[in-house]
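The values are calculated or read from the model by the stated rules, or taken from the named source; none is laboratory data. Worth saying up front: this structure is predicted, and the values here are computed from it rather than measured. Cβ sites come from the backbone with ideal geometry, for glycine too, and all protein chains shown count toward neighbours.
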Amino acid sequence: MTRTPSGIIDCVTSPDLERLARVAYEAHRGAQTESLPSWEDTTTQEQQAWIVAVSAVTNPGEATLTEGVNAPSIVVKAGDQTYTFHKDFTVGRQGTLPVSDDRASTNHALFQFAHTYWYVKDLDSTNGTWLNGRRIYNDQRLRKGDKIRVGRTVITVLLT
């Protein structure tokens, strides 16, 4: 982050920092009683403000989201198969964890690791992503025993 001659902050961001800002905004949005626009519908200035806010609470050079580096494993079961992941992955008909389910979208849900926890996020799927019987609209933290439904497929978290 640098200041321009006019005093305006010019924010240089990494994709991870921008993604964390998006997650923070969506969590804020989900906690509000009033309707707020999605991240994509906010102005560039609002997005930059969220990125600046997130960067203010992270140390310079600190990884805000891991891409598998030092991320603890998540072990999930889909059908009779057990899978172990060490970095973010997608579930869907063509996801990293592929499901043969005509009710699942091509890339239906994202499982991501952030700040010591695993989260699940719906990727604007047609039929929604469900966590323990409730449809999710923003990132949700995962715990051992959680059941995520993608189409008709149930994915159980065995270990986080």
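What to note about this one:
- Filtering T106, T84, T156 for residues that are touching a strand residue (DSSP E or B) at 6+ places or on another chain (Cβ under 6 Å), more than 19 Å from A27 (Cβ to Cβ) and free of Cβ contacts under 8 Å to residues at least 12 places away in the same chain leaves a single hit, T84.
- In region 108-160, residue surrounded by the most Cβ atoms within 10 Å (Cβ to Cβ) [restricted to those that are closer than 25 Å to P37 by Cα and among the small types (G, A, S)]: A109
- Residues (under 17 Å from T160 (Cα atoms) and assigned to a loop (DSSP other than H, G, I, E, B)) located in region 75-105: H86, K87, D88
Results for (1) of a type in the set (G, A, S); (2) outside the structural domain of W39 (by TED's automatic domain parsing); (3) not in a strand (DSSP E or B), shown as yes or no for each residue.
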position	(1), (2), (3)
N107	no, yes, yes
F111	no, yes, no
V120	no, yes, no
S125	yes, yes, yes
G145	yes, yes, yes
V154	no, yes, no
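- Selected residue (only one of P15, P37 is closer than 30 Å to G128 by Cα and at pLDDT 80 or above): P37
- Check on R141, within 22 Å of H28 (Cα to Cα) and either in the same structural domain as A24 (by TED's automatic domain parsing) or more than 16 Å from the chain's Cα centre (by Cα) (or both): no
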